[in-house]
Structures are given as structure tokens and as C-alpha cells.
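Notes follow the structure.
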Amino acid sequence: MLCSDRSLVAASELVIQSLGSRPDIVICHRVDPSAPVASEVAKRLGTKYLLVLHKSDLQNLENGRYFKKNAYIRSVENADGIAFRSEYLQLRFEKVFPDFDRPAAILKSGFSKSLIEKRDFLVEKSKRPIKKVVTACRLNRDKNVASLILAMKSFPELELEIVGDGPEMARLKLMARNNGIGDRIKFSGRLSNAETLSRMKKADIFAMPSTRETFGMVYLEAMSKGCITIGSRDQGIDGTIVDSWNGFLVKPGDTEELVGKISLIKNLSAPERERILLSALQTLEDMTEEKAASRYIAFVETVLQREGKGGK
């Protein structure tokens with residue numbers, strides 16, 4: 001959006017006027033246009049300011065878009081603390097702002113404990129033959145569903161279910177037919193969250209080699225239902241999924257690598273599959289909503305206890 005300096009000042013005035021009392025901290029998610037407003041509000045009130053960055057923020061910072069507006073750079077440099085939605089985003093930030101020396105943390109979304117299947121179910125699922133692959137997403141080009149469809153040509157014994165709809169639906173259906181695999185690919189359209197989870201529970205592999213994911217809660221949902229999960233390398237889920245430990249990672253849109261990972265999964269022994277599914281369970285149990293909230297609060301307290309103000 002890149003609002004004018006005048007608009008940002010006016011927005012800051014409105015926020016301050018609407019406050020009933022002075023806050024201890026101003027917390028802001030996303031740079032454009034919120035961060036300059038949050039930074040100005042915190043400055044005027046003499047309070048702490050925490051900025052949480054998402055993937056689109058890092059993309060704009062890297063390509064120089066925000067560097068054309070000093071207010072946006074100041075909104076990052078003046079933060080008393082910075083948080084990120086994933087490990088990968090923190091690494092990217094450190095390349096753009098190598099001298100940032102205030103508190104930083106990775107604050108991931110929490111996952112509902114009630115959705116996680118029991119250990120016994122995962123152990124039993126690890127023993128059954130692999131027959132079904134599933135993906136669930138909005139069908140646009142960023143999700144790279146086309147690479148998944150093309151990968152299925154190498155596995156005539158597998159079925160693929162695609163949950164979701166979007167502008168790519170017609171093209172993807174045509175691609176499946178033209179490649180002679182339309183009979184093994186089911187387009188289920190948009191389903192409720194409960195029904196999507198049910199489809200995951202019946203599947204063996206979940207794959208979504210997408211681009212431009214800030215995090216990707218759907219990966220965790222698939223892991224919770226006992227799918228061996230394939231995510232994208234150098235995207236939001238990288239770091240939560242550790243390749244070959246609790247799932248697998250591929251380059252977004254790389255059909256050849258995707259074929260290799262599906263083949264690897266198919267050839268795993270039952271004990272190896274069990275190890276991966278139980279490692280995924282361990283990951284999820286450390287990412288419950290309660291634990292995520294505790295980490296968020298702990299980091300806010302860290303920022304509050306820090307002496308001085310960012311950028312000074």
C-alpha cells in the first residue's frame with residue numbers, strides 16, 4: 001500500500017485518540033501499512049513496540065520496495081523486538097538487517113491438541129500399504145498443484161485427491177486428462193475443515209509443494225492425521241518440517257524432486273514410516289495452542305523488560 005507520510009501521521013492520531021488508556025506495549029503484525037503507524041503511536045506514548053513480520057514483508061524488504069519510504073524502514077529499526085512466523089523468515093530478515101540487535105523470536109501458530117490422532121492410530125497407519133496421496137489448498141498457481149499431478153504419472157498404483165477450488169481448477173482437470181491419469185485424480189472441490197481432515201485421515205501422503213507460504217497450517221493438519229507430509233523447502237514450513245525426520249521437503253514446483261520423495265516414502269519400511277509419523281506427533285505436541293500462547297507471552301515480557309527504546 002505504501003501510504004503517504006501524512007496519512008500515516010493522521011492514522012497514528014486516530015489510534016491514540018481511540019485509546020482509553022496508555023498501553024504497556026504496541027504489537028503490530030505486518031509492515032505495510034500498519035508498522036509505521038504502530039511505531040509512531042509507541043513513540044508518542046513512550047511505550048514499547050513489537051513487530052511481527054510475515055513473508056510478504058520480507059519479500060518487499062528484500063526487493064527494495066520499502067527502502068523508498070523512510071517511514072517503513074524506521075518502523076523496523078525502531079522496534080523493541082521482532083518476531084517471525086518461521087525460522088526461514090528470520091534467516092531472510094538477518095540478511096536484510098544484519099545489525100539488528102534487539103530481542104527476536106520465532107512465534108509460530110498454535111495447533112489444536114484435539115485434532116491430533118492418538119499414537120496407536122499412527123502406529124497402525126504406518127503398517128498399511130501406501131495407496132493414496134492428498135492435497136488441500138486453493139487452486140492457484142502458487143500452490144504448484146500441476147507439479148503434483150505430473151508427478152502422479154510415475155505412480156500408476158497411487159490415487160490423488162485434490163481438495164479445494166480456485167482459478168486453476170479447469171486447467172488442472174484438463175492437464176490430468178491430457179496426461180492419461182484423469183481416472184486416478186479426484187477433484188473434490190471445496191470441503192469443510194472437518195471433511196478435509198477426514199480425507200487426510202484416509203490418505204497416506206500429503207503433498208503441497210507451494211510457493212509464498214508464510215507458514216501453512218494445512219501441513220500440520222495433515223501430520224496430525226497420520227499423513228507423511230511433503231512441504232516446500234525455503235518456505236514457511238521449512239524448519240517445522242525437518243526433511244527425513246518428521247516429513248519431507250522439496251523445491252516448490254520441482255516435479256522431478258517430488259517424484260523422488262514420493263518414491264522414497266513408498267519404499268520406506270513400516271518401522272521407518274512409524275518413526276517419521278511419531279516424530280511428526282512429537283512436533284505437533286510441542287506446538288499446541290497453549291504452548292504457542294505461552295511463548296508469545298514470554299517474548300512480550302522479554303521485550304517489556306528490555307531497557308531503552310529500539311533505534312536509539
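Of everything listed in (1) within 23 Å of residue 87 (Cβ to Cβ); (2) open to solvent by 60 Å² or more (accessible area, probe 1.4 Å); (3) assigned to a helix (DSSP H, G or I), the single unmet condition for residue 234 is (3). Any residue at all in region 58-74 that is among the small types (Gly, Ala, Ser), free of Cβ contacts under 8 Å to residues at least 40 places away in the same chain and under 30 Å from residue 211 (Cβ atoms)? Yes, the conditions are met somewhere in region 58-74. Just one of the numbered conditions (1) in contact with a helix residue (DSSP H, G or I) (Cβ under 7 Å, 6 or more places away or on another chain); (2) of a type in the set (Lys, Arg); (3) within 30 Å of residue 25 (Cβ to Cβ) is not true of residue 251: (3). Go through the residues of region 43-52 one by one and say whether even a single one is without any contact (Cβ under 8 Å) to a residue 40 or more places away in the chain, crowded, with 19+ Cβ neighbours inside 10 Å and within 27 Å of residue 188 (Cα to Cα). No, region 43-52 contains no residue that is without any contact (Cβ under 8 Å) to a residue 40 or more places away in the chain, crowded, with 19+ Cβ neighbours inside 10 Å and within 27 Å of residue 188 (Cα to Cα). Counting only helices (runs of 4 or more DSSP H) wholly contained in region 247-312, the ones carrying 3 or more residues that are open to solvent by 30 Å² or more (accessible area, probe 1.4 Å), under 28 Å from residue 152 (Cα atoms) and charged (D, E, K, R) occupy 255-266, 270-285.
Results for (1) open to solvent by 30 Å² or more (accessible area, probe 1.4 Å); (2) in a loop (DSSP other than H, G, I, E, B); (3) not charged (D, E, K, R), shown as yes or no for each residue.
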site: 64; (1), (2), (3): no, yes, yes
site: 75; (1), (2), (3): no, no, yes
site: 83; (1), (2), (3): no, no, yes
site: 88; (1), (2), (3): yes, no, yes
site: 94; (1), (2), (3): yes, no, no
site: 101; (1), (2), (3): yes, yes, no
site: 105; (1), (2), (3): no, no, yes
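The values are calculated or read from the model by the stated rules, or taken from the named source; none is laboratory data. Values in this document were obtained by computation on a predicted structure and should not be read as measured data. Reconstructed Cβ throughout: ideal geometry from the backbone, glycine too, with neighbour counts over all protein chains shown. These accessible areas exclude ligands, DNA and RNA; they are computed on the full protein's heavy atoms, side chains included. Shrake-Rupley method; radii C 1.70, N 1.55, O 1.52, S 1.80 Å.
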